[in-house]
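The values are calculated or read from the model by the stated rules, or taken from the named source; none is laboratory data. Since the structure is predicted, the reported quantities are computational estimates derived from the model, not experimental observations. Quick reminder, even Gly has a Cβ in these numbers, built from the backbone with ideal geometry, and neighbours come from all protein chains shown. We work out accessible area using only protein heavy atoms, side chains counted, and drop any ligands, DNA or RNA first. Shrake-Rupley method; radii C 1.70, N 1.55, O 1.52, S 1.80 Å.
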Amino acid sequence: MPPEPDRSVAIVGGGPAGLMAAEAASSAGARVDVYDAMPSVGRKFLLAGKGGLNLTHAEPLADFLNRYGARSNRLAPLLAGFGPDALRAWARGLGVETFVGSSGRVFPTGMKAAPLLRTWLHRLRNAGVRFHLRHRWCGWDDDGALGFTTPLGPRAVRADATVLALGGGSWARLGSSGAWVPLLAARGVRVAKLRPANCGFDVGWSEHFRTRHAGHPVKPVVLSHSGAVGGETSQLGEFLVTATGVEGSLIYALSARLRDEIEASGVAQLRMDLAPGRDLARLASELSRGRGSSSMANHLRRRAGIDGVKAGLLRELLPAADFTDPDRLAAAIKALPLRLIAPRPLDEAISSAGGVAFEALDRNLMIQALPGVFCSGEMLDWEAPTGGYLLTACFASGRAAGAGAVAWLKTIEPAAAQGN
Ligand SMILES: Cc1cc2nc3c(=O)[nH]c(=O)nc-3n(C[C@H](O)[C@H](O)[C@H](O)COP(=O)(O)OP(=O)(O)OC[C@H]3O[C@@H](n4cnc5c(N)ncnc54)[C@H](O)[C@@H]3O)c2cc1C
């Protein structure tokens with residue numbers, strides 16, 4: 001058996017970022033221990049696989065980078081080290097082929113996360129990575145050791161370097177609760193408030209609308225939004241009516257700007273084109289044709305192709321008088337305003353915005369105020385839409401942090417290593 005490496009790296013958090021950090025540190029020659037609060041690792045990753053694991057995206061790298069908005073310059077070096085192509089090659093190395101869907105999104109052929117995670121954990125264990133489950137990190141003790149609560153009581157762990165990969169603040173029941181925020185803030189680390197990203201919004205439907213239409217998809221529809229930041233944007237797709245408001249792919253795509261607008265002004269306004277592809281003048285002329293004894297519902301269905309939840313939205317949001325004016329009715333069908341009053345709570349969101357500020361880190365993702373402590377994954381202050389951008393950035397930053405931890409260990413004397 002080869003001798004145990006003499007330098008140890010503790011990875012706290014066993015999601016995609018932490019496991020990738022473990023792989024990078026272990027393959028660079030460190031002794032690696034992964035600690036996770038939950039009874040098993042990768043729970044959110046497995047959940048992501050339930051909806052058809054969207055690993056990454058096949059669009060050109062420049063477009064890919066733009067998805068990270070204001071943080072694209074921070075993500076660029078990380079993705080240069082381990083970007084979409086490298087991620088697909090890595091999955092292939094685990095025996096998981098990927099394919100590009102019609103939208104450019106990249107999925108494993110089986111669409112699931114479980115086979116990939118299983119093989120990956122097997123490979124990590126074979127490489128000597130040790131897993132310590134039901135270990136909840138709760139900060140550092142006075143001697144600088146990592147403190148954990150475990151079923152057997154408190155445990156203090158010394159490591160030469162640490163990679164924190166604790167996730168954001170959504171879906172707390174899968175492990176990432178955001179409880180790390182005050183622990184780092186107390187150490188003087190700048191952390192931007194965690195906020196919902198890729199989230200639904202509250203509208204405040206009437207009881208009548210809610211009971212009839214909650215759970216129904218609105219499709220096809222074009223959603224438009226004009227924001228003080230980002231200008232005008234329009235997108236064709238679908239969204240879902242919920243008991244309190246709206247959610248789904250089209251809403252998530254706009255959610256960062258909608259959330260920011262609500263924070264700034266208390267409300268955000270969307271416009272819905274309920275009849276995409278139909279010309280406004282033509283629609284008005286169709287609707288102006290006499291409806292005789294036919295009901296308004298039949299008239300809308302026959303003349304404008306509007307029924308079900310779309311007709312419900314018109315009834316909910318349009319003054320009754322506008323139904324008798326074909327021009328106003330047609331204009332509403334093409335641009336029906338929808339007022340959003342609040343994002344859904346962080347715990348329900350697909351991901352989190354906010355987190356450890358890049359300004360607090362060096363280029364290897366080490367916290368400058370805490371030498372030897374690195375951060376990775378969703379706990380960093382970036383956000384991106386769905387489409388594989390979230391996982392790609394988690395993998396890329398995990399890899400950079402794991403490799404960075406080992407590189408840092410090589411630059412210091414053994415006695416100076418963290419916690420010694
Ligand atoms: C429903 C859903 C579907 C998604 N689908 C996709 C998708 O298809 N494509 C995509 O790119 N992204 C998707 N995502 C987002 C993606 O899953 C996350 O961005 C990603 O898992 C974040 O990885 P992470 O390693 O940073 O954190 P996490 O995966 O959240 O892992 C953090 C780990 O840290 C552990 N931990 C937290 N606090 C402590 C503590 N104090 N002590 C010890 N351990 C702790 C947790 O138990 C957890 O195991 C989806 C998310 C959701 C909710």
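Here are the numbers for the structure shown:
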| item | result |
| --- | --- |
| Pairs with Cβ under 6 Å, 6+ apart, first in segment 226-244 and among the small types (G, A, S), second open to solvent by less than 50 Å² (accessible area, probe 1.4 Å) and part of a loop (DSSP other than H, G, I, E, B) | A243/A214 |
| Residues that are open to solvent by less than 20 Å² (accessible area, probe 1.4 Å) and part of a helix (DSSP H, G or I), drawn from segment 263-288 | L283, A284, L287 |
| Residue that is nearest to G404 (Cα to Cα), among those in segment 134-167 that are part of a loop (DSSP other than H, G, I, E, B) and open to solvent by 60 Å² or more (accessible area, probe 1.4 Å) | R158 |
| First in segment 367-391 and within 10 Å of the ligand (Cβ to nearest atom), second anywhere and at pLDDT below 95 and hydrophobic (A, V, I, L, M, F, W, C), Cβ under 6 Å, 6 or more apart | P385/A253 |
| Condition check for A28: of a type in the set (A, V, I, L, M) and in contact (Cβ under 8 Å) with a residue 12 or more places away in the chain | yes |
| Search result, residues across segment 218-233 that are surrounded by fewer than 13 Cβ atoms within 10 Å (Cβ to Cβ) and either assigned to a strand (DSSP E or B) or at pLDDT 95 or above (or both) | G231, E232 |
| Extreme residue, most open to solvent (accessible area, probe 1.4 Å), among residues of segment 289-309 that are assigned to a helix (DSSP H, G or I) and closer than 19 Å to L236 by Cβ | G308 |
| Enumeration of residues in segment 327-343 that are out of contact with any strand residue (DSSP E or B) (no Cβ under 6 Å at 6 or more places or on another chain) and crowded, with 20+ Cβ neighbours inside 10 Å | L329, A330, A332, I333 |
| Within segment 168-181, tally of residues that are more than 7 Å from the ligand (Cβ to nearest atom), buried (at least 16 other Cβ atoms within 10 Å of the Cβ) and over 18 Å from A369 (Cβ atoms) | 2 |
| Subset of segment 310-324 (residues that are assigned to a helix (DSSP H, G or I) and among the aliphatic types (A, V, I, L, M)) | A311, L313, L314, L317, A320, A321 |
| Filter pass, F131 being farther than 22 Å from M38 by Cβ, assigned to a strand (DSSP E or B), open to solvent by 10 Å² or more (accessible area, probe 1.4 Å) and not β-branched (V, I, T) | no |
| Test result for F82, within 12 Å of the ligand (Cβ to nearest atom) and open to solvent by less than 30 Å² (accessible area, probe 1.4 Å) | no |
| Which listed residue is within 29 Å of V222 (Cα to Cα) and part of a loop (DSSP other than H, G, I, E, B), from A384, A369, A331, A353 | A384 |
| Residues being open to solvent by 40 Å² or more (accessible area, probe 1.4 Å) and over 18 Å from A228 (Cα atoms) - total across segment 247-262 | 3 |
| Test: residue in segment 365-388 that is touching a His at 6+ places or on another chain (Cβ under 7 Å) and buried (at least 24 other Cβ atoms within 10 Å of the Cβ) | yes |
| From the options L116, L124, L79, L75, residue that is touching a residue at least 60 places away in the same chain (Cβ under 8 Å), closer than 26 Å to S170 by Cβ and more than 23 Å from the chain's Cα centre (by Cα) | L124 |
| Positions within segment 299-350 being among the charged types (D, E, K, R) and either within 16 Å of the ligand (Cβ to nearest atom) or touching a residue at least 12 places away in the same chain (Cβ under 8 Å) (or both), in sequence order | R303, K310, R315, E316, D327, K334, R339, R344, D347, E348 |
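Table: residues versus (1) away from the ligand (no atom under 15 Å from the Cβ); (2) within 20 Å of S376 (Cα to Cα); (3) open to solvent by less than 50 Å² (accessible area, probe 1.4 Å).
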site	(1), (2), (3)
I11	no, yes, yes
G14	no, yes, yes
R31	yes, yes, no
V34	no, yes, yes
N54	no, yes, yes
R71	no, yes, no
L94	yes, no, yes
F107	no, no, yes
